[in-house]
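Only one structure is covered here, and it is reproduced in the block below.
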Amino acid sequence: MQYAMVIDLDRCVGCHACAIACKAEWSVPTQFGRNWVHRLGPAKTPHGLSGTFYPGLCNHCDDPACTPGCQGEEAEKVFTDPKTGKTKKMTVLATYKDPFTGAVLIDRDRCVGCGFCVEACPYQARYIDEDLDDPRADKCSFCVERLAEGLEPACVQTCLSRARIFGDRDDPKSEVAQYIKKGARRLDNKVVNIGPNVYYAGNKRDMHLLKETCTPTEMPEASLIEKRVLLARMGKSISKGMGLTGLVGMAACTALASETNEEDE
Amino acid sequence: MALKMTRRRFLQSASLAAATIPLSKVVSADSSFTSGEFAAPGSFKDTKTVYGGVCEMCFWRCQLVGKVRDGQLVKLEGNPKSIDNGTALCARGNAGLKLIYDPDRLKHPMKNVGERGKPKWKKISWDEALDACAKGLQKVRKKYGPQGVALWYHGASAHYPTAFFEHIGVPNICEPAFYQCRGQTAIAMLKTLGYVPNEDVDMANAKAMLLIGTHIGENIHLSHVRNFITGKLRGAKIIVVDPRFSASAAKADVWVKIKPATDTAFLLAVMNYLIDKGIYNKKFVKESCNGFAKFKKGISGMTVKKAAKICDIPAAQIIEVAEILAKNAPNVAIHPGRHATWYGNDFQRIRAHACLAALLGGYDVPGGIQNINRMSAGHVHWPEAEFDDDYDPEDFALAEMAEKYPFRPPGTPTDMIRETMITGKPYPIKGMVVWGANPIKTFPVQDETKKALKNMDFVMVTDVSPTDITMWADILLPEACYLERYDHIEKGTQWDCSAKPQQFIAPRMPLVPPMFERKDPVWIINGLAKRMGVGKAIPVKTQEEYVDHCLKEVEDVELSIAKIKKEKGIYIQEGESSYLEPGDVAEFNTESEKIELYLEELEEEGFSPVPVYTKVPEPPRGYARMIYGRSPVHSFNRSQNNAWLHHEIPENPVWLNDELAAKMGIKDGDRVSLENQDGVKTTGTTIVKVTPGIRKDVIYLAHGYGTDNPAMTVAHNQGIDDQSMNTRTVIEPETGCCGMRINFVRLIKDGKSISIPA
């Protein structure tokens, strides 16, 4: 089983309802989004003029780049297969892939807000609200919480033209699987090849424009990310906490960091 | 106990080690989804569902429910019982949450202790505010007569107030929704068909559709979009006529890249071709149309060849369109259009839409324009007023006095009221009431509007938010928004004409009570009426009584607020199909009981009785025509301060043809402002969208951006105001409606004006 979403560009009119419904459902800060809609074109393609949209969200990848480097605490969790009720115990970091549904999730109480996962995602599907005192990563959960209550994902429920189709990719009878069989495609290539589970269907010209302009061209590089992320975040967090505007070197940072930390306790 | 890891502690450890440290501590097993205090609970946890909402983020009026937690609205969703929008809401509908809790909203009555246009606000009590309004209006009435007051209004909350102002003899009332939007569409259809179909066109079941400038997708009306997309998925051929590759054009089979202002020539040529080739619907024309012979003769001058030249499109494309329509007749959706105040000759164009649909027989058949039977609710009337000195408001209706605009929509043309406010001719208008409208952004020639407002003795404005017009008020009244009040009663049917026929009725009921000192219109108006000495005439005491009264007048069923609440916000009953039974002949409620292809009434008033193309002035050298349209996340200016919607599309890009851009040295994303033919420049700037999807003689942008009022802290100066470029307008002689696509612009980049190359 693998939850997946298909976005049918023939149906999508680019109304942004999905983005706003999600904001309301999950109290997402105004300046961020768990999902988004970007207008593409009108632009020339080999198949003719195209004007379409990139409604994006977390791809809940088969081989997520965001989970392995998580700096949050491990925890033992019990997972349940929503179809069979079967359970499985597993030790996971603060962000992990559900062994049954394939949804990539975050336990925000164990997230330390380091931002590794945010930087690691080639689709930029995660965010951290730096304005919070204790920022933690957030992203699309495929609304597994709503699914558990028998509800559709918020973006699917609000979609005017049923352009968003959600279901189990591995169930050949599902509408999602039917779309995939008919050629729905994902935003991947040889370089970015981590098995995204958001698929797009549409005519040749729109698919061309989407694939050409919205497929990530590179995987963020891990070691670089670590350095950049840690330094940047430390600096930002400290300067915010102490009311300083600049960084004066690593030693000072460290000293300030421990001071800030003590204030907390 | 588990180690409580915080972000700061993590950063500290990480920095000390200058590397990541694995931190494997097992915390308690947890199989639930939510992760404690750090996760949002979702709208479904510990919330109550409140029924009865009717949206007013735009005027399609989807039915909605509120999810309420601890007295606070946390989410809006489509009412699952709705046969119109279902559980869906558009971006604006969802973002109603950000309107209701917008910190910039008007909270208290206020008095302007500064100048009009440069206000300084002083918070006052409702008693003070209503006393001041009564005094201000009475003073004008005493000095100049009841005709000294005029009203500009918009929206459902203004219905009760409008009835009140009529009661006190206000002869000049204008709704921009008519004179700057869809007025002539309604009247042209009414005169031609005998009813106003609005946008009741069965796109979902059409085999072909024709959209003239209609840009569904950028214009989001929920069930209308669903109709359009369903039609496409069911295989309809879509033809979009637009100078721009709009969201609709992007879904079309044929994009007619027409020269702006020539649509009527295009429609006439298509009709001529159908008649010439004998491929029009002869049976329908014979049975259901009046004046075909005279019509045929009247339009015969506009040949395909001539139109191709005028419209700057291939003749073959006109023929292609005509053939597609003929082949799929009568199941063709000739979209009636909505906003039509383009060039000051639009009445004739809309007539052409209706006549083309008639030649194809596209009425009351699957895919065609429908005469839909909705339930009807009652109205609340103020009693007929008696005036001193035989005063009759009709004697002072400006259009009547001037004997102008015989085909005008209800009310007085905006322009006439504004002119009278400035000149005092034929009599002085010195008191202005604005209710829910924003004339600064809706009327062209903004300087004239400002001049008119400055010339008033008293200006009273009621609104939800501090829109630009509120800066011109003497007294400003804060209104409860659509989620906090009772008013409009929505009536409709199932969204797909081919589905099981049903009718519904859904009154707007509050989901949460209003905060601060915001009040509903019945409360405000009754308070004003009492102070103006007409308290005895008050027809209803409360907004609940108002809605109950309207519901009680619904025929054949006993309805009340209590009953609708039990029905979860929507009452639904069996309806009747809008499609004709086989063998039935379509009937029309006109004088001839047929579609008036040739409208004698027009001839009597000195206008062309058959649709006619009139040329409008071309852009001067170095300029392009400015056209405008809708943003999918905004209802013009009224939603601009919504933080969520603003975040989605914060400004209105100027669309510029890619080949022109290359010649002008302009790149996609460059920051520019606009300058029009009169040297007027936009206040703010916006970005350029360089695209092959627009003609070279046109500049396009979405309407409604560029808010002037700094009290709108989100919207202020975001994007640019297209209306500020309309320093000229042209008034349509048939209807008195404004033409707003007759101004020409060029770009300004880095302070330098850049002409549009020929």
*Just for the range B:644-697: of the residues that are hydroxyl-bearing (Ser, Thr, Tyr) and more than 13 Å from every other protein chain (Cβ to nearest Cβ), which one is most open to solvent (accessible area, probe 1.4 Å)?*
B:THR683
_Condition first: of a type outside the set (A, V, I, L, M, F, W, C) and surrounded by fewer than 19 Cβ atoms within 10 Å (Cβ to Cβ). Now tell me which residues in the range B:276-290 satisfy that._
B:ASP276, B:LYS277, B:GLY278, B:LYS282, B:LYS283, B:LYS286, B:GLU287
*Number of the exception - B:LYS232 against (1) surrounded by 24 or more Cβ atoms within 10 Å (Cβ to Cβ); (2) part of a helix (DSSP H, G or I); (3) within 14 Å of another protein chain (Cβ to nearest Cβ); (4) in contact with a helix residue (DSSP H, G or I) (Cβ under 8 Å, 6 or more places away or on another chain)*: (1)
_In the range A:27-38, the residues that are part of a loop (DSSP other than H, G, I, E, B) and open to solvent by 10 Å² or more (accessible area, probe 1.4 Å)_ = A:SER27, A:PRO29, A:THR30, A:GLN31, A:PHE32, A:GLY33, A:ARG34
*Here is a list of conditions, (1) open to solvent by less than 30 Å² (accessible area, probe 1.4 Å); (2) farther than 30 Å from B:PHE292 by Cβ; (3) not hydrophobic (A, V, I, L, M, F, W, C), and B:THR341 meets all of them except one; can you say which number that is?*
(2)
_Among residues of the range A:63-91, those that are within 12 Å of another protein chain (Cβ to nearest Cβ) and among the hydroxyl-bearing types (Ser, Thr, Tyr), counted_ = 3
_Return the residues of the range B:80-93 that are of a type outside the set (Asp, Glu), within 14 Å of chain A (Cβ to nearest Cβ) and open to solvent by less than 40 Å² (accessible area, probe 1.4 Å); say none if nothing qualifies._
B:SER82, B:ASN85, B:GLY86, B:ALA88, B:LEU89, B:CYS90, B:ALA91, B:ARG92, B:GLY93
*asked:* Tell me which helices (runs of 4 or more DSSP H) are completely within the range A:110-205 and hold 3 or more residues being within 14 Å of another protein chain (Cβ to nearest Cβ), or say none if there are none.
replied: A:116-120, A:144-148, A:154-158
*Does at least one position in the range A:51-62 carry a residue that is surrounded by fewer than 24 Cβ atoms within 10 Å (Cβ to Cβ), part of a loop (DSSP other than H, G, I, E, B), more than 13 Å from every other protein chain (Cβ to nearest Cβ) and touching a residue at least 24 places away in the same chain (Cβ under 8 Å)?*
yes
*Check the range B:447-457 and report whether any residue there is crowded, with 24+ Cβ neighbours inside 10 Å and charged (D, E, K, R).*
no
*asked:* For B:ASP127, only one of the following conditions fails: (1) modelled with pLDDT of 95 or more; (2) open to solvent by less than 50 Å² (accessible area, probe 1.4 Å). What is its number?
replied: (2)
*Taking the condition of a type outside the set (D, E, K, R), within 14 Å of chain A (Cβ to nearest Cβ), touching a Ser or Thr at 6+ places or on another chain (Cβ under 8 Å) and in a strand (DSSP E or B), does B:ILE238 pass?*
yes
*Starting from residues that are of a type in the set (D, E, K, R) and not in a loop (DSSP other than H, G, I, E, B), keep the ones in the range A:63-94 and report whichever is surrounded by the fewest Cβ atoms within 10 Å (Cβ to Cβ).*
A:LYS89
*Would you point out which residue out of A:VAL6, A:VAL28, A:VAL13 is hydrophobic (A, V, I, L, M, F, W, C), closer than 18 Å to A:CYS121 by Cβ and touching a residue at least 24 places away in the same chain (Cβ under 8 Å)?*
A:VAL28
*When the range B:243-274 is examined, which residues are found to be assigned to a helix (DSSP H, G or I), within 14 Å of chain A (Cβ to nearest Cβ) and out of contact with any Phe, Trp or Tyr (no Cβ under 6 Å at 6 or more places or on another chain)?*
B:ALA250, B:LYS251
*How about the range B:94-112: which of its residues are among the charged types (D, E, K, R), more than 12 Å from chain A (Cβ to nearest Cβ) and not in a loop (DSSP other than H, G, I, E, B)?*
B:LYS111
*Taking B:LYS122, is it touching a Lys or Arg at 6+ places or on another chain (Cβ under 7 Å), open to solvent by 40 Å² or more (accessible area, probe 1.4 Å) and either within 12 Å of chain A (Cβ to nearest Cβ) or not in a loop (DSSP other than H, G, I, E, B) (or both)?*
yes
*May I ask you to verify whether B:GLY704 is free of Cβ contacts under 8 Å to residues at least 60 places away in the same chain and assigned by TED's automatic domain parsing to the domain that holds B:ARG630?*
no
*asked:* So for the range B:149-157 (the condition being open to solvent by less than 20 Å² (accessible area, probe 1.4 Å), under 30 Å from B:PHE636 (Cα atoms) and in a helix (DSSP H, G or I)), does at least one residue qualify?
replied: yes
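The values are calculated or read from the model by the stated rules, or taken from the named source; none is laboratory data. All values reported here derive from a predicted model rather than from experimental measurement. Please note: Cβ atoms are built from the backbone with ideal geometry, for glycine as well, and neighbour counts cover all protein chains shown. The area values use the complete protein model at the heavy-atom level, side chains included, leaving out ligands, DNA and RNA. Shrake-Rupley method; radii C 1.70, N 1.55, O 1.52, S 1.80 Å.
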